[in-house]
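*Asks:* Just passing along the structure, written as structure tokens.
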Amino acid sequence: MVRFKSRYLLCEVCVSERSSLQLLGEKAFYKTVREAVNRAHGDYGSAQFNIGVLVKYLNAQTGVIFIRCRKWQYRLIWSALAFITCIESRGQSFPCFLNCLHVGGTIRTCQKFLVKYNRQQLNRMLLDCKNDAEKQDVRRAILSCSLHAVREEEAYEDWSDDDDDEEI
């Protein structure tokens, strides 16, 4: 059996009102990206899009979206993201654009990048704080998004892999 190689596009949805993200769903993003690929690349792009493209995850709170596609398709989809100007959902049109933050081979690498990216954003917010209470809140948020849990999990996986090697 052959395994298909995938790429995951980690995108950030940028909208003027954060409350409008609550009204958007995965199907609306899928439809919008499909239309953008069709506009940018025509029938060829539309046919390629129908093979293995999936909106894997959408976080309506933060505006983060994971799009899975085949390894050889990611540039086609990535180039079409620039043509998205609005998303239609539930009879309403929401002006927005998608910012592609990272392209990874697994969801795990995208998650690791997202933790680092969020930490950098919080550090930038720390500079904009005006009083001590805001600074303390941002510092707590920075400490809560550490890679400590990810490193422990990797160490456990490495340890369990070493045990398997010894048995052989």
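The values are calculated or read from the model by the stated rules, or taken from the named source; none is laboratory data. Computed from a predicted model, the values in this text were never measured in an experiment. Neighbour counts run over all protein chains shown; Cβ positions are idealised from the backbone, glycine included.
*Asks:* Considering only residues that are without any contact (Cβ under 8 Å) to a residue 12 or more places away in the chain and either in contact with a Cys (Cβ under 8 Å, 6 or more places away or on another chain) or under 13 Å from Lys31 (Cα atoms) (or both), which ones fall in the stretch 51-85?
*Replies:* Those that are without any contact (Cβ under 8 Å) to a residue 12 or more places away in the chain and either in contact with a Cys (Cβ under 8 Å, 6 or more places away or on another chain) or under 13 Å from Lys31 (Cα atoms) (or both): none in the stretch 51-85.
*Asks:* Going by what's in this entry, would Glu17 be described as exposed (fewer than 12 other Cβ atoms within 10 Å of the Cβ), closer than 27 Å to Gln121 by Cβ and either in the same structural domain as Gln121 (by TED's automatic domain parsing) or acidic (Asp, Glu) (or both)?
*Replies:* Details: exposed (fewer than 12 other Cβ atoms within 10 Å of the Cβ): yes; closer than 27 Å to Gln121 by Cβ: yes; either in the same structural domain as Gln121 (by TED's automatic domain parsing) or acidic (Asp, Glu) (or both): yes.
Considered against the rule, which asks whether it is exposed (fewer than 12 other Cβ atoms within 10 Å of the Cβ), closer than 27 Å to Gln121 by Cβ and either in the same structural domain as Gln121 (by TED's automatic domain parsing) or acidic (Asp, Glu) (or both), Glu17 comes out as yes.
*Asks:* If you don't mind, another one. State whether the residues of the stretch 37-47 include one that is crowded, with 18+ Cβ neighbours inside 10 Å, within 16 Å of Leu101 (Cα to Cα) and without any contact (Cβ under 8 Å) to a residue 40 or more places away in the chain.
*Replies:* Scanning the stretch 37-47, I find no residue that is crowded, with 18+ Cβ neighbours inside 10 Å, within 16 Å of Leu101 (Cα to Cα) and without any contact (Cβ under 8 Å) to a residue 40 or more places away in the chain, so the answer is no.
*Asks:* Can you find a residue that is in contact with a strand residue (DSSP E or B) (Cβ under 8 Å, 6 or more places away or on another chain), farther than 17 Å from Glu17 by Cα and surrounded by 13 or more Cβ atoms within 10 Å (Cβ to Cβ) anywhere in the stretch 92-100?
*Replies:* For the stretch 92-100, residues in contact with a strand residue (DSSP E or B) (Cβ under 8 Å, 6 or more places away or on another chain), farther than 17 Å from Glu17 by Cα and surrounded by 13 or more Cβ atoms within 10 Å (Cβ to Cβ): present.
*Asks:* Check the stretch 58-72 and report whether any residue there is closer than 18 Å to His102 by Cβ, hydroxyl-bearing (Ser, Thr, Tyr), modelled with pLDDT under 90 and surrounded by fewer than 18 Cβ atoms within 10 Å (Cβ to Cβ). Before the answer, list the steps.
*Replies:* Taking the stretch 58-72 as the starting set, the residues that turn out to be closer than 18 Å to His102 by Cβ are 58-59, 62-71.
Then keep just the ones that are hydroxyl-bearing (Ser, Thr, Tyr); that gives 62.
Then keep just the ones that are modelled with pLDDT under 90; that gives 62.
If we keep only those that are surrounded by fewer than 18 Cβ atoms within 10 Å (Cβ to Cβ) too, we end up with 62.
Yes, that holds for at least one residue.
*Asks:* Within the bounds of the stretch 83-90, is there any residue that is among the basic types (Lys, Arg), touching a Gly at 6+ places or on another chain (Cβ under 9 Å) and exposed (fewer than 13 other Cβ atoms within 10 Å of the Cβ)?
*Replies:* Checked the stretch 83-90: at least one residue is among the basic types (Lys, Arg), touching a Gly at 6+ places or on another chain (Cβ under 9 Å) and exposed (fewer than 13 other Cβ atoms within 10 Å of the Cβ).
*Asks:* Any residue at all in the stretch 117-139 that is loosely packed, with under 15 Cβ neighbours inside 10 Å and under 16 Å from Glu35 (Cβ atoms)?
*Replies:* no
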